[in-house]
Amino acid sequence: ASRWLVSPAVAPLWAPVLPKLEWIAQRTSFLDSTLDAWIDGLKASGVSPAEAQVVLLGAGYDTRALRYSGDQAPAFYEVDLPVVTRAKGVLSSRYAAATGVRQPAMLPLDLMTCASGAPALEALAPLGLDRSRPT
(Lines give C-alpha, C1' and ligand atoms only; values in the text may rest on other atoms or scores of the structure.)
Protein backbone atom coordinates (compact mmCIF):
# COMPACT_ATOMS: atom_id res chain seq x y z
CA ALA A 1 0.00 0.00 0.00
CA SER A 2 2.82 2.46 0.76
CA ARG A 3 4.29 1.96 -2.73
CA TRP A 4 1.12 3.50 -4.11
CA LEU A 5 1.78 6.67 -2.07
CA VAL A 6 5.09 7.24 -3.84
CA SER A 7 4.06 6.03 -7.28
CA PRO A 8 4.34 8.35 -10.31
CA ALA A 9 0.54 8.35 -10.59
CA VAL A 10 0.21 9.97 -7.16
CA ALA A 11 3.24 12.28 -7.41
CA PRO A 12 1.16 15.29 -8.57
CA LEU A 13 -0.82 15.11 -5.33
CA TRP A 14 2.37 15.62 -3.30
CA ALA A 15 3.63 18.61 -5.32
CA PRO A 16 1.75 21.27 -3.29
CA VAL A 17 2.98 19.74 -0.02
CA LEU A 18 6.70 19.56 -0.85
CA PRO A 19 7.51 23.24 -0.18
CA LYS A 20 5.89 22.94 3.26
CA LEU A 21 7.93 19.81 4.01
CA GLU A 22 11.11 21.63 2.99
CA TRP A 23 10.16 24.51 5.30
CA ILE A 24 9.58 22.09 8.18
CA ALA A 25 13.01 20.52 7.62
CA GLN A 26 14.66 23.97 7.57
CA ARG A 27 12.78 25.05 10.69
CA THR A 28 13.74 21.86 12.51
CA SER A 29 17.39 22.26 11.55
CA PHE A 30 17.42 25.90 12.69
CA LEU A 31 15.73 25.22 16.04
CA ASP A 32 17.88 22.15 16.74
CA SER A 33 21.10 24.03 15.97
CA THR A 34 19.97 26.92 18.19
CA LEU A 35 19.15 24.54 21.03
CA ASP A 36 22.45 22.68 20.53
CA ALA A 37 24.35 26.00 20.73
CA TRP A 38 22.50 26.92 23.93
CA ILE A 39 23.29 23.53 25.47
CA ASP A 40 26.96 23.86 24.42
CA GLY A 41 27.00 27.29 26.07
CA LEU A 42 25.65 25.82 29.29
CA LYS A 43 28.34 23.14 29.27
CA ALA A 44 31.05 25.72 28.54
CA SER A 45 29.93 27.74 31.56
CA GLY A 46 29.98 24.66 33.79
CA VAL A 47 26.20 24.13 33.92
CA SER A 48 24.86 20.66 33.26
CA PRO A 49 22.11 20.63 30.62
CA ALA A 50 20.19 18.39 33.04
CA GLU A 51 19.84 21.46 35.29
CA ALA A 52 18.21 23.45 32.49
CA GLN A 53 14.72 23.50 31.06
CA VAL A 54 13.12 24.31 27.71
CA VAL A 55 9.63 25.75 27.26
CA LEU A 56 7.99 25.24 23.87
CA LEU A 57 5.08 27.64 23.39
CA GLY A 58 2.70 26.44 20.71
CA ALA A 59 4.59 23.13 20.63
CA GLY A 60 2.19 21.46 18.25
CA TYR A 61 3.43 18.05 17.16
CA ASP A 62 7.08 19.01 17.53
CA THR A 63 9.15 15.98 18.60
CA ARG A 64 12.11 17.91 19.99
CA ALA A 65 11.39 16.96 23.61
CA LEU A 66 11.40 13.28 22.71
CA ARG A 67 14.52 13.58 20.56
CA TYR A 68 16.41 15.50 23.27
CA SER A 69 15.53 13.05 25.99
CA GLY A 70 18.10 11.49 28.26
CA ASP A 71 19.81 11.76 31.62
CA GLN A 72 21.79 14.85 30.63
CA ALA A 73 19.04 16.56 28.64
CA PRO A 74 17.09 19.61 29.78
CA ALA A 75 13.57 19.13 31.09
CA PHE A 76 10.99 20.06 28.45
CA TYR A 77 7.67 21.81 28.99
CA GLU A 78 5.18 22.12 26.16
CA VAL A 79 2.26 24.54 25.98
CA ASP A 80 -0.45 24.20 23.38
CA LEU A 81 -4.20 23.96 22.86
CA PRO A 82 -5.95 21.32 24.97
CA VAL A 83 -6.98 19.30 21.91
CA VAL A 84 -3.35 19.22 20.72
CA THR A 85 -1.84 18.29 24.07
CA ARG A 86 -4.39 15.48 24.52
CA ALA A 87 -3.67 13.95 21.13
CA LYS A 88 0.08 14.46 21.37
CA GLY A 89 0.08 13.10 24.91
CA VAL A 90 -1.40 9.83 23.69
CA LEU A 91 1.15 9.54 20.88
CA SER A 92 4.15 10.53 22.97
CA SER A 93 3.18 8.24 25.86
CA ARG A 94 3.06 5.30 23.45
CA TYR A 95 6.46 6.25 22.06
CA ALA A 96 7.90 6.76 25.55
CA ALA A 97 6.57 3.37 26.69
CA ALA A 98 8.19 1.68 23.69
CA THR A 99 11.53 3.50 23.89
CA GLY A 100 11.95 4.59 27.50
CA VAL A 101 12.44 8.27 26.64
CA ARG A 102 11.26 10.93 29.03
CA GLN A 103 8.03 12.68 28.08
CA PRO A 104 7.72 16.43 28.28
CA ALA A 105 5.39 18.03 30.79
CA MET A 106 2.39 19.31 28.84
CA LEU A 107 0.21 22.27 29.67
CA PRO A 108 -3.11 22.50 27.83
CA LEU A 109 -3.61 26.24 27.41
CA ASP A 110 -5.00 28.46 24.69
CA LEU A 111 -2.35 31.16 24.39
CA MET A 112 -4.92 33.44 22.75
CA THR A 113 -6.56 33.80 26.17
CA CYS A 114 -3.32 35.12 27.72
CA ALA A 115 -2.51 38.81 27.52
CA SER A 116 1.13 37.93 28.20
CA GLY A 117 3.20 34.80 28.77
CA ALA A 118 2.93 35.16 32.55
CA PRO A 119 -0.16 32.92 32.97
CA ALA A 120 1.59 30.14 31.04
CA LEU A 121 4.71 30.41 33.18
CA GLU A 122 2.66 30.46 36.36
CA ALA A 123 0.68 27.42 35.21
CA LEU A 124 3.91 25.54 34.44
CA ALA A 125 5.21 25.90 38.01
CA PRO A 126 3.05 23.04 39.39
CA LEU A 127 4.39 20.87 36.52
CA GLY A 128 7.95 21.49 37.76
CA LEU A 129 9.12 24.62 35.95
CA ASP A 130 11.60 26.44 38.17
CA ARG A 131 12.14 30.00 36.97
CA SER A 132 15.49 30.15 38.80
CA ARG A 133 16.95 27.46 36.49
CA PRO A 134 18.41 28.22 33.05
CA THR A 135 15.48 28.30 30.64
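The values are calculated or read from the model by the stated rules, or taken from the named source; none is laboratory data. None of the values given here were measured: they were computed from a predicted structure. Here Cβ is always computed from backbone atoms with ideal geometry, including for glycine, and neighbour counts include all displayed protein chains. Just so you know, the surface numbers come from the protein's heavy atoms only, side chains and all, with ligands and any DNA or RNA stripped out. Shrake-Rupley method; radii C 1.70, N 1.55, O 1.52, S 1.80 Å.
For volume of the Cα convex hull per residue in Å³, one of [x] 185; [y] 152; [z] 102 was computed from the structure I shared and the rest are decoys. Which label?
Only one option fits the structure, namely [y].
What does the accessible area per residue of the range 56-114 come to in Å², with a 1.4 Å probe and no ligands, DNA or RNA counted?
54
Pairing the Cα long axis of helix 82-99 with the longest principal axis of the chain, what angle in degrees results, from 0 to 90 and rounded to the nearest 10?
Here the helix axis deviates by roughly 90 degrees.
Given H placed 1.01 Å from N in the peptide plane, which residues other than close sequence neighbours of Val55 have an amide H under 5 Å from its amide H?
Tyr77
Determine the share of the chain's accessible area contributed by carbon and sulfur atoms, expressed in whole percent, with a 1.4 angstrom probe.
63
Which residue fluctuates most in the GNM of the chain (Cα springs below 10 Å): Leu57, Leu42, Leu91?
Leu91
Work out the charge dipole of the range 1-124 with +1 on the Cβ of Lys and Arg and -1 on the Cβ of Asp and Glu about the Cα centre, then indicate which of Gln53, Pro108, Val83 is farthest towards its positive end.
Val83
Would you work out the charge dipole size for the range 50-135 about its Cα centre, treating the Cβ of every Lys and Arg as +1 and the Cβ of every Asp and Glu as -1, and quote it to the nearest 20 debye?
240
What FRET efficiency comes out for the pair Arg102/Asp40, r = Cβ-Cβ distance, R0 = 35 Å, nearest 0.05?
According to the calculation, E is roughly 0.95.
For Ser132 and Leu31, what does the FRET efficiency come to when R0 = 41 Å and r is the distance between their Cβ atoms, rounded to the nearest 0.05?
Calculated value: 0.95.
In nanometres, what is the gap between the two model label sites at Ala52 and Asp71, each 7 Å from Cα along Cα-to-Cβ?
Reported label-point gap for Ala52 and Asp71 is 2.0 nm.
Calculated from DSSP H runs of 4 or more alone, at -39500 (n - 2.57) each and per residue, what is the 222 nm mean residue ellipticity of the chain, nearest 500?
-14000 deg cm²/dmol
Can you give the FRET efficiency to the nearest 0.05 for Leu81 and Ala11, using r as the Cβ-Cβ distance and R₀ = 35 Å?
The computed FRET efficiency comes out at 0.55.
Taking the simple approach of a point 7 Å from Cα along Cα-to-Cβ for both Arg3 and Thr63, what is their distance in nm?
Spacing of the two 7 Å Cα→Cβ label points: 2.5 nm.
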